[in-house]
Amino acid sequence: MPFRPGRDVIAPLMILAAAALTVTAASAQNLDAGKPPAKLFADGCATCHRSPRGLAKGRFSLTLSWFLKDHYATSSDSAQALAAYLESVDGPPPRAAAEPRAKPSRSAPRAPKPATSQ
């Protein structure tokens, strides 16, 4: 049987390529899956942003999630979790951490001193 370069070479190469793609797709995995949102922030955002506070300010949850998915997150789930985390830390500061209030005076107010004439 004579060697036919067309079919005899292409068919085995196509089978080999399909097998390689199947193995590659099967071994691909989401490395962010199962990580808590604080860890996602620490791993991917903390190099540029020192704190998560203020990053979600004035943004809608859906658009923030889309932005994170397009630019930083590896999946929609991790983008949504990270967006929810950023919104949760963006709330008002706890009452104790707010500006310190003036301490109430313990003594009763004093009457003014009478004016002395000279």
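The values are calculated or read from the model by the stated rules, or taken from the named source; none is laboratory data. Not measured: the values here are computed from a predicted model. Glycine gets a Cβ as well: all are built from the backbone with ideal geometry, and neighbour counts include every protein chain shown. The protein model used for the area step is the full one, side chains on, heavy atoms only, and it has no ligands, DNA or RNA in it. Shrake-Rupley method; radii C 1.70, N 1.55, O 1.52, S 1.80 Å.
The residue of the range 31-51 that is least open to solvent (accessible area, probe 1.4 Å), among those that are assigned to a helix (DSSP H, G or I) and of a type in the set (D, E, K, R), is Asp43. The set of residues in the range 52-62 being part of a loop (DSSP other than H, G, I, E, B) and in contact with a helix residue (DSSP H, G or I) (Cβ under 6 Å, 6 or more places away or on another chain) consists of Pro52, Leu55, Ala56. When only residues in the range 52-81 that are more than 15 Å from Ala38 (Cα to Cα) and in contact (Cβ under 8 Å) with a residue 40 or more places away in the chain count, which is least open to solvent (accessible area, probe 1.4 Å)? Among those residues, the one meeting the criterion is Ser75. The condition of being on the phi > 0 side of the Ramachandran plot, at pLDDT 75 or above and not β-branched (Val, Ile, Thr) holds for only one of Gly44, Gly54, that being Gly54. On the given criteria, is Val9 of a type outside the set (D, E, K, R), surrounded by 10 or more Cβ atoms within 10 Å (Cβ to Cβ) and at pLDDT 85 or above? Taking the combined requirement at face value, the residue does not satisfy it.
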